[in-house]
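Here's the structure, in structure tokens; my notes come after.
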Amino acid sequence: MEFSGFGEYAVDFFDGLAADNSKSYWTDHKPVYDRDVRAPMERLLAELEPEFGAGKVFRPYRDVRFSKDKRPYKDHCGGVVEQGRGGGAWYVEVGAEGLMIGGGSFAMAPDQLARYRTAVDDERRGGKLVRVLARLVKAGWEVCGDVMKTKPRGVDPDHPRLDLLRHRSLYVARRWPPDDDLHGPECLERVRLGWRELNAINEWCADHVGLSDQWRR
């Protein structure tokens, strides 16, 4: 089946989950999730596969083993296309707040972080990342990631790219509140065009962050 938008009750499902994140709510409303959220996400990724590669839908269950937040279910449904974790990714998410798409290195293993900082420190490679991010910000993207409160050890406090060196993950994101396009085929073009804008940052991540054996364990 072709993607024709997320279902009529996709946002309502997540609104309800925000109010009652329980197994009973999930069980009672799972048919809505399957029909209006997960199935459209699978069709969306299938439509994008010829251009970006095969994608996967994330599991709806939260990992609560080491978290004080024991809510069992995620408040969104995410889909991703990636060569390998940390080496650049195209991401899409639907939830109560609407649609979000993003790209970059959402998590870095220690060896990836070392390569990232070496590249950012280099004038040519780091300068290229600055230019890529500047173009994305101008186009409406937000720079995100896990950022240290202080500078990395041994880094000059006057380094021209200190803000980027403080990142332990780096990605950009754009968000749209719930609207009619979310529930129609226009959503496909919104994601497709947005993901195309992410090619430059994902190429940089593939070249200078790369893959890590840690994620293959």
Between helix 186-197 and the chain: long-axis angle, C-alpha atoms, 0 to 90°, nearest 10
10
Would you please put 42-54, 15-27 in order of how densely packed they are, using the mean number of other Cβ atoms within 10 angstrom per residue and starting with the highest?
42-54, 15-27
Calculated FRET efficiency, D213 and R192, Cβ-Cβ r, R0 41 Å, to nearest 0.05?
0.80
Long-range amide H partners of S169, meaning residues 5 or more apart or on another chain whose placed amide H is closer than 5 Å, are D146
In degrees between 0 and 90, to the nearest 10, how far off the longest principal axis of the chain does helix 199-208 point, with axes built from Cα atoms?
50
P(r) over all Cα-Cα pairs of the range 25-121, 5 Å bins from 0 to the longest distance, whole percent per bin, short to long, reads 3, 11, 17, 20, 18, 15, 10, 4, 2, 1, 0
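Defining a contact as two alpha carbons under 8 Å apart and six or more residues distant in sequence, what relative contact order in percent does the range 51-117 show? Please list the in-between numbers first.
Details: 99 pairs, mean separation 15.7, N = 67.
Once divided by the residue count of the range 51-117, the mean separation gives 23 percent.
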Under 23 Å between alpha carbons: how many lysine pairs meet that in the chain, if sequence neighbours fewer than 8 apart on the same chain are excluded?
10
Shape parameters for the range 63-113, alpha-carbon atoms, Rg then Dmax in Å:
13.2, 36
Helix 10-19 sits at what angle to the longest principal axis of the chain, using alpha carbons and giving 0 to 90 degrees rounded to 10?
80
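For the range 44-197, what is the relative contact order in percent, using Cα pairs closer than 8 Å and at least 6 residues apart in sequence?
Values: 219 pairs, mean separation 32.9, N = 154.
Reported as a whole number, the value is 21 percent.
Leaving out ligands, DNA and RNA, and with a 1.4 Å probe, what % of the accessible surface on the chain is carbon or sulfur?
On the way: 5830 of 11790 Å².
Exposed carbon and sulfur together represent 49 percent of the surface.
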Name the shape class, rounded, prolate or oblate, that the alpha-carbon gyration tensor gives for the range 57-200, where a ≥ b ≥ c are the square roots of its eigenvalues, rounded holds for a/c under 1.5, and otherwise prolate holds if a/b is larger than b/c and oblate otherwise.
oblate
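Is the shape of the range 121-200 best called rounded, prolate or oblate, per the rule: a/c under 1.5 gives rounded, else a/b larger than b/c gives prolate, else oblate, with a ≥ b ≥ c the square roots of the Cα gyration tensor eigenvalues? Show your work: numbers first, answer last.
On the way: a/c = 3.84, a/b = 2.29, b/c = 1.68.
In terms of gyration-tensor shape, prolate.
Can you give the extra length, in nm with one decimal, that the chain gains between K151 and R65 once fully stretched, where that is 0.36 nm per residue apart less the Cα-Cα distance?
On the way: separation 86, 0.36 × 86 = 30.96 nm, distance 2.99 nm.
Additional length available on full extension: 28.0 nm.
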In whole Hz, with x marking every Gly and Pro, tabulate ³J(HN,Hα) for the range 96-104 from phi via Karplus 6.51 cos²θ - 1.76 cosθ + 1.60, θ = phi - 60°.
4, 8, x, 10, 9, 10, x, x, x
Å² of accessible area per residue within the range 41-160, as computed with a 1.4 Å probe and no ligands counted
56
Quick calc, A54 & D75: beta-carbon distance into FRET formula, R0 22 Å, rounding 0.05, result 0.30
Rounded if a/c is under 1.5, else prolate if a/b is larger than b/c, else oblate: which is the range 1-66, with a ≥ b ≥ c the root eigenvalues of its Cα gyration tensor?
oblate
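The values are calculated or read from the model by the stated rules, or taken from the named source; none is laboratory data. Predicted, not measured: the structure shown is a model, and the values here were computed from it. Ideal geometry is used to build each Cβ from the backbone, glycine not excepted, and the neighbour counts take in all protein chains shown. Surface areas here come from the heavy atoms of the whole protein model, side chains and all, with no ligands, DNA or RNA. Shrake-Rupley method; radii C 1.70, N 1.55, O 1.52, S 1.80 Å.
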